[in-house]
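Here's the structure we're looking at; comments come further down.
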Amino acid sequence: MRKYLAFSIILTMTLGFFAGTPSMAETPIKFAYLGNPDPHKAAYTAGVVSFAHLMEMGSGGRLQVKIFPAGTLGKETDILQAVKSNAVQIVSASMVTLSRIFPPSQVMMSPYLFKNDALAWEVADGPYAQKLLEAFTEETGIKALAIVDSGFLAITNNKRPLRTPSDFIGIRLRAMGPLHETMFKALGASAVPVPWPETYASLQTGVADGQTNPAFVVATFKLYEVQKYMTLANSQFGYQMWLCNKAWYDGLPEADKNIMRDAVKGGRMSTRSMSLLREQESLIQLKNEGMKISALTGEDVSALQKLVRPACLDWLRTQMDARWVDDLIAVINKAEKKLGYKAPSSRGNYMHHRRKLRLK
């Protein structure tokens, strides 16, 4: 009991500290999102808390950030509307929501584009991603601050281990949008649209057999209680976008914009680092909880990639100017050469070796 009480006090003080004290600062900057409120469990929250800390430290306590996690201000669409009206200044939003208002925002989540984390980071930190942010801002009128990534997604289900395309046939997987529907259809699985708040219940009752998310999400939200098998498919590189009210941002003094730029960078790096740490911790935890975890070989990945990658890229070309897709492929090829990758199967081999080490 004392241990629990101590943890509760520390967590309350942490979130309270980053929420800010208006008497010492200007009007607090509101940052809302849907993630778990514990920064030690949720990578995106670690990034938001780091951002708030750097904003305060960089401004001598003047720029305070009040954090609203776990959908306390409503659904993602509600929060986006609040950002548009400046009732909320900043939001971390998923591609499920953002792809509806700017389809190219989801292009880097197309399955089996990246061989590994290093290649994904090379693209996410480069000029292509910056161009994507600028285009989002111009198209929507909402300022896109950053692409904040959280690593590769795993696939869980209740039926059987998923290693080959034939294993997916007949499996009903929770889909987070048309891109997922295209991916699952290419594998012979069925797509079931389920909002995130209903995911646990839908898996528990059999509305869906499985879902896809990073391992730390499966652990944090206790999906292992209603899922038996996990496949480290590494099919998609997961990320969200940090957005803010453009008029509010444009009205900031140049010095504050610089503080915010640096804080955003720190938040991105914190999210990325925490996602790697939490992935490793979560795989160990999930194995101890009884989940059967499968790491794919290079050959396994290639078999899935041959079906899924072309189907999803072709679908994306119908949803946006095809140059977004073609330019991304060119950028990835250039990055592969820069990093010295040669064989197409290197992604699977790299990931398989990496996951085996973590599961020991």
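Taken together, the values in this text are just the output of simple stated rules run on the coordinates, not laboratory data. Being a predicted model, the structure only gives us computed values, none of them experimental. A quick note on method: Cβ atoms are made from the backbone with ideal geometry, for glycine too, and the neighbour counts reach across all protein chains shown.
Values for this structure:
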| quantity | calculated |
| --- | --- |
| Farthest positive-ward along the chain dipole, Cα basis, beta-carbon charges - from Pro69, Thr212, Val49 | Thr212 |
| Point-charge dipole on Cβ atoms (K/R +1, D/E -1) for region 98-141, about Cα centre, debye to 20 | 180 debye |
| Centroid-to-centroid separation of region 86-149 and region 150-225 [C-alpha atoms, Å] | 23 Å |
| Max mean-square fluctuation residue, GNM over the chain, Cα-Cα springs under 10 Å, options Met320, Met183, Met55 | Met320 |
| Length-normalised contact order of region 41-113 in % [C-alpha pairs under 8 Å, at least 6 apart] | 15 percent |
| Helix 178-187 vs. the chain, principal-axis angle (Cα, 0 to 90°, nearest 10) | 20 degrees |
| Furthest towards positive pole of dipole, Leu283, Ser150, Ile101, structure part the chain, Cβ charges | Leu283 |
| Solution diffusion estimate, µm²/s, Stokes-Einstein, region 180-271, Kirkwood Rh from C-alpha pairs, 25 °C, viscosity 0.890 mPa s | 148 µm²/s |
| Size of charge dipole - region 64-158 - debye, nearest 20, with Cβ of Lys, Arg +1 and Asp, Glu -1, no other charges | 260 debye |
| GNM result for the chain, Cα springs below 10 Å: residue of Glu299, Glu289, Glu254 fluctuating most strongly | Glu254 |
| Angle in degrees between helix 346-359 and the longest Cα principal axis of the chain, rounded to the nearest 10 | 70 degrees |
| Tilt relative to the chain, helix 127-140 - C-alpha long axis, 0 to 90 degrees, to 10 | 70 degrees |
| Positive-end residue of Leu316, Ser202, Gly170, charge dipole of the chain with Cβ unit charges | Gly170 |
| Cα-derived Rg to Rh of region 91-185, Kirkwood definition | 1.01 |
| Stokes-Einstein translational diffusion, the chain - Kirkwood Rh over all Cα pairs, 1.306 mPa s, 10 °C, in µm²/s | 75 µm²/s |
| Rg ratio (alpha-carbon, reference 2.2 N^0.38 Å) - region 116-257 | 1.26 |
| Estimated 222 nm signal from helices in the chain, with DSSP H stretches of n ≥ 4 weighted -39500 (n - 2.57), rounded to 500 | -17000 deg cm²/dmol |
